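The values are calculated or read from the model by the stated rules, or taken from the named source; none is laboratory data. Predicted, not measured: the structure shown is a model, and the values here were computed from it. Ideal geometry is used to build each Cβ from the backbone, glycine not excepted, and the neighbour counts take in all protein chains shown.
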Amino acid sequence: MHDMEERVIGALAQLELGDRLLTSPAAMASFGSDALTAFHQRPLAVVLAESVDDVVRAVRICHRERVPFVARGSGTSLSGGSLPVEGGIVIALNRLNRVLSVDPDARTATVQPGVINLDVSRAAASHGLAYAPDPSSQSICSIGGNVAFNSGGAHCLKHGMTSNHVIGMTVVLPDGELVTLGSDSTEPAGPDWVGMFCGSEGLFGIAVEVTLRLVPVPEAVRTSLAVYDSLQAAGDAVAQIVSAGLLPVAMEIMDALAIEAAEASVKPNYPSGAALLIVELEGEREVVDGDAARLDELLRASGASETTATEDPDARGLIWKGRKSAFSAVGWLAPDYIVQDGVVPRTRLGEALAEIDRMSAEAGIRVANVFHAGDGNLHPLILFDGREPGAVERAEHLAGEILRLCVSLGGSITGEHGIGVEKRAYLSLMFSPDDLALMGDVRRSIDPLELANRGKMLVPETVS
Amino acid sequence: MQHAIPVASLGPQAQPMADAIGSCVHCGFCLPTCPTYVTMGEEMDSPRGRIFLMKEVLEGELELEVALPFIDNCLGCQACQTACPSGVNYGELITPFRAYAEEHRHRDPMDRAQRELVLRTLPHPRRFRLAARLGRLGRPFAGLLPASMGSMLRLLPDRVPPAQPLPPVFPAQGERRARVALLAGCAQQVLAPDINWATLRVLARNGVETVIPAQQGCCGALAMHTGAAERAKPQARRNLAAFPADVDAVITNAAGCGSGMREYGLLFKGEPEEQAAQRLSDRTMDVSAFLDALGLRELPSVAPDPIPVAYHDACHLAHAQGVRSAPRKLLEASGAVRLVEPAEWELCCGSAGTYNIEKPAIAHQLGERKARNLLATGAQLIATGNIGCMTQVQQHLAALGHDIPVLHTLQVLDRAYAGTLHTKEHTA
């Protein structure tokens, strides 16, 4: 094994990357985790790629030497998606951060994978355009990771997830071959390779150039806050809004603990209550005005104790900052937490929340709830103190039970964070052994050596 | 983030360090505001990367010397603290960690000599004035010296204004509304004595009597923020004795000094002076925050043609002290300016105490980036609250061919009161 490591580092050294080939203990330590610190694995080496060619050459060496590799953008995965593999290398893409072009007529942008999500909208802003998918980490998460994990966000309720916004890409396959998937046409013929690559968690290779769809910045945006005396009431309101035929761009719910965390952190001045519903409408002026009147009526009828609405950009910005910081902000409430990402059908939202509440009380573990209610995508934050004996195990057990609940209600174990290493063991809740074997076959049809992001989502068959 | 730091065996400052590490969730929200991550693009040179490295060192999992290059790269700007959603007090980690590192590290003789030179010169107005005069003579030879020594010489001003000793008391005009004590500062007194005078005049005009304790000395921030805690302590003790308790506030007008004094409690943690130090820290306020809270009694008359002014957030004011809106409100109240906001306000200009001496290449990149962002606003005057930033920003604006005045917020107010604010003056 030691000879093998030396050979791999020697081969990488021939790429003449200079100080862009990292092997020092400090560097390996700091690249050992992404945003899921429950897992840590120091890689053998890190390549800081600055060109497509760097990526191709590094992957070719990995293929030749049969060394697994992991692509990493900003390292913000919540499922351990960019966790290094033992003895493997990390190909860091954060320096590939240029927006290559914005085409205002076609409403597309072509970007490198290390471009930060929010920077796409910044680059498109002067054309009155924006990139719609908005993960809460949009100020730092990168497009490459968004594509690999088909990231969602609060505003995906109306606009759809990442896969609805990617029309083409250039990909380095696990053997180092460079291929183009998709085309400029929005109605291509043949298999949907782009769709297959989106959300594949890096198992099919590394996207090195991505063409994204842009949307017009809406003429009017109105954000409403409504307070309820129970999570179930807030959940029911969401179902009523949808069944009334309204399509808000975002519908989010935060419970009292999540509100408390946000107030401790970014101080958004939310009204206090057992549950807070955030509803955002966007579109043409008249449409938003019309929808707003109907929404206000619906919120009142649904039993909201307090409602406010604003179109002021700063006030809206603060509302969203509070919501989008909520995961990290629970760091104020407890030393450790597990964030889950289960999905339930929207119609069973109230039921799921009541059950989670019961499970939390039974286990004696605090659970903060903050979620994309419109999608039925729950984010229970299980709070614990890892220094207490057995606390980690109890928290993990509750997390597992919540995922079981989601599946039993007809939902899924992940909405947008991905399986990664974190939820791999739960995949069998949703898929039969045959299903999983087929997924493995599909993976190995493109990557027979299972080099690309080995061990994420699927248990590898080959262990070299 | 979980850790196994042996808090009990690492001294009184281990707990704040461990708390900061424990509250980090490694989410990465700090990365886009970190000047070294933005310019260097590698995880070790990011806040969460450094937090992880410091954790490993304190746990005994990683050699100190291995982690130090990345710790040394940190500007200490604390932008990460502003960006952090989980409340990591990075300042309470990096400062004690640097002190810890200083005790255990090896420095080569050249490095030691330069460090001594800086720490023995900058905090002493008379020595610094002398050095500035001598340094000008040496400037033609800057290219022959090691990079950081050369950058020291280049930072020295072209001319040193004559010393303007401050009175022991500067009385309030009209009815007295408050009584404060002023930290006179050291390098600032040499480079821009007018800042203190402008501060005194504006405070007086607003009914504030200012005492300037004669026994005070350097605040110690420079030493504290570079790991020289043992050198900072005597300086801080001197100020603990010098500053009276019977004032409404202790006022600072240099962001770095203000944040340094507000860390006295941390500096003396676990020592007999801790409580007195904490009391002084709690009473210390930046002049802009104090004036904004007090409210301007008298507004300057509104100028017919307000000057577009970009306010540059000094890190040690915006991030370390959380003061962002007060100086802006004061500038707007001056009636003489129209505020314009630069992009990347949270990004350090690269001055950062002695950073532009220790890491000239990164400091230069950041300085140029800041100057470009400021120029892009179309501002005809830059206002800020820290002498280090003023020097750095001025230098980089000039390097890009723009001789735009850079003034302290209080200088802008002072000139607005006097009706002498214009865009042609040279920074003083």
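At-a-glance table
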| item | result |
| --- | --- |
| Residue that is surrounded by the fewest Cβ atoms within 10 Å (Cβ to Cβ), among those in the stretch A:59-90 that are away from every other protein chain (no Cβ under 11 Å) and over 14 Å from A:Asn453 (Cα atoms) | A:Arg64 |
| Selection count where residues are touching a residue at least 60 places away in the same chain (Cβ under 8 Å) and either outside any helix (DSSP H, G or I) or not hydrophobic (A, V, I, L, M, F, W, C) (or both), scope the stretch B:194-229 | 14 |
| Qualifying residue in the stretch A:125-135 (condition: within 14 Å of chain B (Cβ to nearest Cβ), in contact (Cβ under 8 Å) with a residue 12 or more places away in the chain and more than 19 Å from the chain's Cα centre (by Cα)) | yes |
| Checking B:Ala398 against (1) touching a strand residue (DSSP E or B) at 6+ places or on another chain (Cβ under 8 Å); (2) part of a helix (DSSP H, G or I), the condition it does not meet | (1) |
| Test set (1) out of contact with any Leu (no Cβ under 7 Å at 6 or more places or on another chain); (2) in contact (Cβ under 8 Å) with a residue 12 or more places away in the chain; (3) within 12 Å of chain B (Cβ to nearest Cβ) - A:Leu100 fails condition number | (3) |
| Options B:Arg279, B:Arg297, B:Arg324; residue that is surrounded by fewer than 19 Cβ atoms within 10 Å (Cβ to Cβ) and within 20 Å of the chain's Cα centre (by Cα) | B:Arg324 |
| Elements of type strands (runs of 3 or more DSSP E) in the stretch A:14-100, at least 1 residues being closer than 19 Å to B:Glu56 by Cβ and over 24 Å from the mean Cα position of the chain (by Cα) | A:45-48 |
| Any pair with Cβ under 7 angstrom, 6 or more apart, that starts in the stretch A:23-37 at a residue that is more than 7 Å from chain B (Cβ to nearest Cβ) and ends at one that is outside any helix (DSSP H, G or I) and among the basic types (Lys, Arg) | A:Met28/A:Arg42; A:Gly32/A:Arg42 |
| Test: residue in the stretch A:193-201 that is of a type in the set (Gly, Ala, Ser), under 13 Å from A:Asn150 (Cα atoms) and crowded, with 16+ Cβ neighbours inside 10 Å | yes |
| 2 or more residues within 26 Å of A:Glu280 (Cβ to Cβ): qualifying helices (runs of 4 or more DSSP H) within the stretch A:101-199 | A:117-124, A:143-148, A:156-159 |
| Qualifying residue in the stretch A:432-443 (condition: part of a helix (DSSP H, G or I), loosely packed, with under 13 Cβ neighbours inside 10 Å and among the hydroxyl-bearing types (Ser, Thr, Tyr)) | no |
| Conditions (1) at pLDDT 90 or above; (2) more than 25 Å from A:Asp34 (Cβ to Cβ); (3) aliphatic (A, V, I, L, M); number of the one not met by A:Ile419 | (2) |
| Scan of the stretch A:256-280 for residues that are farther than 18 Å from A:Ser136 by Cβ, at pLDDT 90 or above and outside any strand (DSSP E or B), ordered by number | A:Ala256, A:Asn269, A:Pro271, A:Gly273, A:Ala274 |
| Members of the stretch A:324-344 found to be charged (D, E, K, R) and either over 17 Å from A:Ser265 (Cβ atoms) or in contact with a Cys (Cβ under 9 Å, 6 or more places away or on another chain) (or both), listed by number | A:Asp341 |
| Residue within the stretch B:61-72 that is part of a loop (DSSP other than H, G, I, E, B), without any contact (Cβ under 8 Å) to a residue 40 or more places away in the chain and either of a type in the set (D, E, K, R) or touching a strand residue (DSSP E or B) at 6+ places or on another chain (Cβ under 9 Å) (or both) present | yes |
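Per-residue answers, yes or no, for (1) charged (D, E, K, R); (2) within 8 Å of another protein chain (Cβ to nearest Cβ):
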residue	(1), (2)
B:Cys27	no, yes
B:Glu56	yes, yes
B:Ala79	no, no
B:Thr82	no, no
